[in-house]
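Have a look at the structure below before the remarks.
Nothing in this text is a laboratory measurement; each read-out follows from the coordinates by a stated rule. In this text, all values refer to a predicted model and were calculated from it rather than measured experimentally. No Cβ is skipped: glycine too gets one built from the backbone with ideal geometry, and neighbour counts run over all protein chains shown.
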Amino acid sequence: MSRPCVIRDLGRMSYGEALAIQLELAGERKQGLGTDHLLFVEHPHVVTIGRNGKESNILAPMATLQRLGIEVFETDRGGDVTYHGPGQIVAYPVMDLREWKRDVGLFVRGIEQTLIDALSDFGIEARRIAKLTGVWTGDEAAPAKIGAIGVHLSRWVSTHGWALNVTTDLNNFRHIVPCGLTRPVTSMQAMGVRAEAEDVKAALAERFGKIFDFEMQAEPVLTGI
């Protein structure tokens, strides 16, 4: 029997606010309470530094980032330095892997497959590259990253997740070395695919549910009396 997973769209929200929501939900799941969630969010301009991040991979001076309105946030996800901003769909699965498979590698591969399958719904052929976490497009000689992944597990409960470039202004990546890799990035729009964010989120949620054996449920709408 499929397990329930609630889809919750946070809209435009700062990185810190979204992290606080993740941690609250994760705390419940660690106690065996609550329900697994898939959170969608769009962040204002922010550069995040993961556990393995190197400040040298931030190329722009802090003064420049501040002038451009780009926040810098150190976090506990895996991976190096990445950028989040408008036009990007960020998704945070807060789920208890004890009720799925206790395997971090399979979890990350499942997220990659979620992105690959969802992109295929829009006619984009994406793939993995051996030993590099994330999802890539283009030919093998010049691959470009379209989806970045960085997760954290505590007592088998996940936080953080993935970022998919939909209409992201790719110029913002020039301020960093994305994920510590000197390779190009791309977006669905840059590949000539026009897609509404809501349609992309729907495809991601459907594919995520199939891969992780969830019954995906929209967040209940609370109404006043």
Response to the item:
Once amide hydrogens are built 1.01 Å from N within the peptide plane, the residues lying 5 or more places from ILE7 or on another chain with amide H under 5 Å from its amide H are LEU38, GLN217, ALA218, GLU219
Worksheet, complete the sentence: A correct Karplus calculation of ³J(HN,Hα) over the range 121-128, with 6.51 cos²θ - 1.76 cosθ + 1.60, θ = phi - 60°, whole Hz and x for Gly and Pro, returns 5, 10, x, 9, 8, 10, 7, 8
Item to complete: Just check the range 7-107 against the gyration tensor rule for me: Cα atoms, a ≥ b ≥ c as the square roots of the eigenvalues, rounded for a/c under 1.5, and otherwise prolate or oblate depending on whether a/b exceeds b/c.
Response: prolate
Worksheet item: Regarding the range 50-115, what whole-number volume in Å³ per residue does the convex hull of its Cα atoms give?
Response: 116
Item to complete: Report, for the chain, the % of DSSP beta bridges that are antiparallel, rounded to 5.
Response: 65
Worksheet entry | Alpha-carbon spread of the chain, three principal axes, descending order, Å | 46, 39, 37
Worksheet item: Working out 0.36 nm times the residue gap between ARG12 and PHE73, then minus their Cα-Cα distance, what length gain in nm do you get to one decimal?
Response: 20.3 nm
Fill in: DSSP-loop trypsin sites (Lys or Arg not before Pro) across the range 115-158, with at most 12 other Cβ within 10 angstrom
LYS131, ARG155
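Length gain on complete extension for the stretch ARG109 to GLU140, per 0.36 nm per residue less the alpha carbon to alpha carbon distance?
Working: separation 31, 0.36 × 31 = 11.16 nm, distance 1.96 nm.
Here the segment from ARG109 to GLU140 would lengthen by 9.2 nm.
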Worksheet item: HN-Hα J couplings of the range 26-36 from phi, Karplus 6.51/-1.76/1.60, θ = phi - 60°, integer Hz, Gly and Pro as x?
Response: 5, x, 5, 5, 4, 8, x, 10, x, 9, 4
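Classify the range 63-156 as rounded, prolate or oblate, taking a ≥ b ≥ c as the square roots of the eigenvalues of its Cα gyration tensor: rounded when a/c is under 1.5, otherwise prolate if a/b is larger than b/c and oblate if not. It would help to have the intermediate numbers written out before the result.
On the way: a/c = 1.90, a/b = 1.11, b/c = 1.72.
Oblate, since a/c reaches 1.5 and b/c is not below a/b.
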Response to the item:
The long-range amide H neighbours of THR133, using H built 1.01 Å from N in the peptide plane and a cut-off of under 5 Å, are none
Item to complete: Would you mind calculating the gained length between ALA63 and ARG128 on full extension (0.36 nm times residue separation, minus the Cα-Cα distance), in nm to one decimal?
Response: 19.8 nm
Worksheet item: Could you give the angle, 0 to 90 degrees to the nearest 10, between helix 104-120's Cα long axis and the longest principal axis of the Cα atoms of the chain?
Response: 70
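Work out the FRET efficiency for ARG3 and ARG51 from their Cβ-Cβ distance, taking R0 = 30 Å, and round it to the nearest 0.05. Before the final figure, lay out each step's value.
Working: r = 28 Å, r/R0 = 0.95.
It comes to 0.60.
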Discussion item. As a quick test, which of the pairs LYS101/LYS145; LYS131/LYS201; LYS30/LYS131; LYS54/LYS101; LYS54/LYS145 have an alpha carbon distance above 25 angstrom in this structure?
Written reply: LYS101/LYS145; LYS131/LYS201; LYS30/LYS131; LYS54/LYS101
Worksheet entry | Between helix 197-212 and the chain: long-axis angle, C-alpha atoms, 0 to 90°, nearest 10 | 60
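222 nm [θ] for the chain, helices only, -39500 (n - 2.57) per DSSP H run of 4+, per residue, to 500?
Working: 4 runs with 55 residues, N = 225.
Value at 222 nm, helices only: -8000 deg cm²/dmol.
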